[in-house]
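Q: Below: one structure in structure tokens.
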Amino acid sequence: MHGLGNDFVVVDCREREIKNPEKLAIKLCDRHFGIGADGLILVLPSSKADFRMRIFNPDGSEPEMCGNGIRCFAKFVRDNGFDSNKFEVETLAGIIKPEMVDGMVRVDMGEPILKPKDVPANFDGEMAVDKELDIAGRKLRITAVSMGNPHAVSFVDDLEGFPTAEIGSKVELHPTFPRKINVEFVQVLSNDVIKVAVWERGAGITLACGTGACASLVASVLNKKISARKATVILPGGELYIEWADNNHVYMTGPAETVFTGTINV
Ligand code: ZDP
């Protein structure tokens, strides 16, 4: 499945157990020796919610949350026997609530986490907004936001030709971020349109990142780059609509697609 080209192998584990998902993720996400994906998603039963989602990066690490993945997860359970357009999913970032609306998936992503020690990011204070980071002798200004998983957002004048991989990979592994970090470079196009390039922790360049789009909108508001609290986020793989509502929750709306269904020998 994919959400804006951010692609996942989704495995139904409601009635069967997968022993070593870390290893399976490395194998299945490989585009040459496996199926090829930006992540492995497991659909699991839950004692706290309707379902539980686990996600694994192509390097086998387990992130707390996944925005594009949860939209695919929602479409998967809806298409595979769950008879409601609204449900709750247990994740390592808490209970997330997707809803099917007009063929799209709208997700209550919860509240952004801004306290640096909770992102986590080694900065003092209540928020890490427009902080300086030394990246191989070059100064980069970043804002740290967690949407369950950690993000560093940096504003650039022009994304065209910007070295996303070169700088993103260095930010991901910077010692300021004890659990590593996802990295977004944001170009503000207007008061309600922003363009985002992504370097994902444990995955590298991807065509889109749902949690990253949410973090980018929150950082744009905190840095007073836009005055509205909602925006269309243009990613290489397409557009997401993000709103940081008055109740402090972030809502993400976007598509989810099934590409093929099959069986693989492991
Ligand atoms: O936090 C991480 O390690 C990410 N690589 C997880 C995947 C995030 C994702 N791209 C999203 O859409 O939020 C799936």
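Q: Wholly within region 50-169, which strands (runs of 3 or more DSSP E) include no fewer than the required count, namely at least 3 residues that are closer than 21 Å to VAL9 by Cα?
A: It comes to 51-56, 89-91, 94-101, 104-108.
Q: Can I ask one more? Would a scan of region 163-172 turn up a residue that is surrounded by 24 or more Cβ atoms within 10 Å (Cβ to Cβ) and closer than 27 Å to ILE55 by Cβ? Let's see the steps before the verdict.
A: Of the residues in region 163-172, the ones surrounded by 24 or more Cβ atoms within 10 Å (Cβ to Cβ) are 168.
Now restrict to residues that are closer than 27 Å to ILE55 by Cβ: 168.
Within region 163-172, one or more residues are surrounded by 24 or more Cβ atoms within 10 Å (Cβ to Cβ) and closer than 27 Å to ILE55 by Cβ.
Q: OK, next. If I filter region 204-214 down to residues being crowded, with 24+ Cβ neighbours inside 10 Å and closer than 10 Å to ASN182 by Cα, which single residue comes out as farthest from the ligand (Cβ to nearest atom)?
A: GLY212
Q: Kindly indicate whether any position in region 24-32 is crowded, with 22+ Cβ neighbours inside 10 Å and not in a helix (DSSP H, G or I).
A: Among the residues of region 24-32, not one is crowded, with 22+ Cβ neighbours inside 10 Å and not in a helix (DSSP H, G or I), which makes the answer no.
Q: Could you grab me the full set of residues in region 222-252 that are closer than 16 Å to VAL156 by Cα and open to solvent by less than 30 Å² (accessible area, probe 1.4 Å)?
A: Listed by number, the residues that qualify are ILE226, VAL233, LEU235.
Q: Hand me the list of strands (runs of 3 or more DSSP E) wholly inside region 220-266 holding 2 or more residues that are in contact with a helix residue (DSSP H, G or I) (Cβ under 7 Å, 6 or more places away or on another chain) and under 15 Å from VAL186 (Cα atoms).
A: 230-235, 238-244
Q: Next question. Quickly run through region 210-266 and pick out the residues that are β-branched (Val, Ile, Thr) and more than 21 Å from GLY148 (Cβ to Cβ).
A: ILE226, THR232, ILE234, THR258, VAL259, THR261, THR263, ILE264, VAL266
Q: Also, I was wondering about something else. List pairs: first residue in region 190-204 and on the phi > 0 side of the Ramachandran plot and touching a residue at least 40 places away in the same chain (Cβ under 8 Å), second residue assigned to a loop (DSSP other than H, G, I, E, B) and open to solvent by 20 Å² or more (accessible area, probe 1.4 Å) anywhere in the structure, Cβ distance under 7 angstrom, at least six positions apart or on different chains.
A: GLY202/PRO58; GLY202/ASP59; GLY202/SER61
Q: Give region 66-78 a look and list any residue that's within 7 Å of the ligand (Cβ to nearest atom) and either farther than 16 Å from GLY210 by Cβ or out of contact with any Leu (no Cβ under 7 Å at 6 or more places or on another chain) (or both), or say none. Can you show your working first?
A: Step one: list which residues in region 66-78 are within 7 Å of the ligand (Cβ to nearest atom), which gives 66-69.
Scanning region 66-78 gives CYS66, GLY67, GLY69.
Q: From the list ILE41, ILE18, ILE35, exactly one residue is within 14 Å of the ligand (Cβ to nearest atom) and not aromatic (Phe, Trp, Tyr). Which is it?
A: Matching residue, one of ILE41, ILE18, ILE35: ILE41.
The values are calculated or read from the model by the stated rules, or taken from the named source; none is laboratory data. Given the structure is predicted, the values throughout are model-derived calculations rather than measurements. For neighbour counting, all protein chains shown are included, and Cβ atoms are generated from backbone atoms with ideal geometry for every residue, glycine included. Quick note on the areas: whole protein, heavy atoms, side chains included, nothing else; ligands and nucleic acids left out. Shrake-Rupley method; radii C 1.70, N 1.55, O 1.52, S 1.80 Å.
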